[in-house]
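Below is one structure, written out as structure tokens; comments come after it.
Since every read-out is calculated from the coordinates, none of them should be taken as a lab result. Note that the structure is predicted; figures quoted are calculated from it, not measured. All Cβ positions, glycine included, derive from the backbone under ideal geometry; neighbour counts span all protein chains shown.
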């Protein structure tokens, strides 16, 4: 019995000592996950700082263990050298020199054959870094044509044709309508200048003056002519008002619309592969592996598009930032991109596509006894929002609007500038057409009334007037003749005497 108690106490002591011993965690120095603190201000076990340290400190509270960091001898997270043989932190885990590995280690099917992965603690989509196109220089052609942009060419043509048709109809009505200035001048009821108010040239001038809101000297006198002019004024008010309103909107948006359109042109990888923007990636990174080995449609399109390589994310961002043509993109893991963008001005932005992502997890040996505890701890941290807080602390960018929130597409909608087409002017065109037809019909009615009602009366009045003038002229002639005869008779008498 004593021996049994002895062995139980011995096993318990061994288990307690093994549990109390700090676990070795293999990692690699890479900002911001793990950074060495030169001034050891945090104590013996705090010679490092970064996202991984914060994560392990939170996990150990849940899983009840202590740890110490060991840097990977070759400074890598792990590549498969030969089938089953790995380098870096993965090899440290396989060889049991580390309880687990922590860092931005991507979960892949190839790695999963040799080691186990914990619950992912970070999920990062791939991001496309582009330069915000600002202060775009407008071409001379664009500046010259901007004043005509509020209306489509078809609308300008419609207005011109409407002007011609209205002017011609107004001239025809003024020429044939018996109640217009021309006929009144002919009948000596108006002056010669009034009679020339709506000649062919003056009709065109009246129409263009009304269209430009410049007023007029003399309006049509007939009802038909006034109806035509009234509807032409209505058409002119609608046309000019729409033009001015649309021009105001255009001038408000012109300063930034082009930039906004270019910024939101690429919202995901589908948009990007259909663009003509060249791109670069990190040599040997996850993106290059995805492009070169994946048979996904996007990967094939990116592969056929061709790409350049850089040695680091920082170098890639510098190239995009310094590109004078603004036509260069860098593709990488969005989380790391955002971290490095903290040291840049707000000249760059990143487009995230959640369809293509990578997950980071802790690496454990196949027979790990703490995997379940680690998974439970990470899941608990995720549920209470601690993982999100850690992400915001280490990876949130200093610039607002540096990435697109695809869950709220309304934030990135470009203010629309609608160029007015013929359809928008259909109401004005219909009103003008009704006015022209109605004015023409009224003119025809006026002509008929004049022809069959007023003209005969005028002819009778004219005949009577001529008759009266004739009698008066005959009397005057007879009187003049008598006076002449008397004068001649008087002269003869004087001569005889």
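Odds and ends about this structure:
- With R₀ set to 60 Å, the beta-carbon distance separating residue 76 from residue 430 gives a calculated FRET efficiency near 0.20.
- Listed peptides 229-240, 65-76 appear in the order 229-240, 65-76 once ranked by packing, highest mean of other Cβ atoms within 10 Å at the front.
- Computed packing ranks the peptides 147-155, 173-181, 303-311 as 173-181, 147-155, 303-311, most packed first, by mean other Cβ atoms within 10 Å.
- One decimal place: the segment residue 294-residue 85 gains 73.0 nm when fully extended, by the rule 0.36 nm per residue minus the C-alpha distance.
- When 105, 291 are arranged by Cβ crowding within 10 Å, least crowded first, meaning fewest neighbours, the order is 291, 105.
- Dividing the mean sequence gap of close Cα pairs (under 8 Å, 6+ apart) by how many residues the range 47-162 holds gives a relative contact order of 12 percent.
- The length gained on full extension between residue 393 and residue 323, counted as 0.36 nm times the residue separation minus their Cα-Cα distance, comes to 22.2 nm.
- Inter-probe distance in nm under a simple model that places probes 7 Å from Cα toward Cβ, at residue 165 and residue 184: 2.9 nm
- The listed peptides 113-120, 388-395, ordered by packing as a protection proxy, come out as 113-120, 388-395 (highest mean of other Cβ atoms within 10 Å first).
- Full extension of the chain between residue 357 and residue 445 yields a length gain of 23.8 nm, computed as 0.36 nm times the residue separation minus the alpha carbon distance.
- The fewest-to-most ranking of 273, 437 by surrounding Cβ atoms within 10 Å reads 437, 273.
- With each label modelled as a point 7 angstrom along the Cα→C-beta vector, the residue 369-residue 49 pair spans 3.6 nm.
- Residue 61/residue 276 FRET efficiency (R0 45 Å; Cβ-Cβ; nearest 0.05): 0.30
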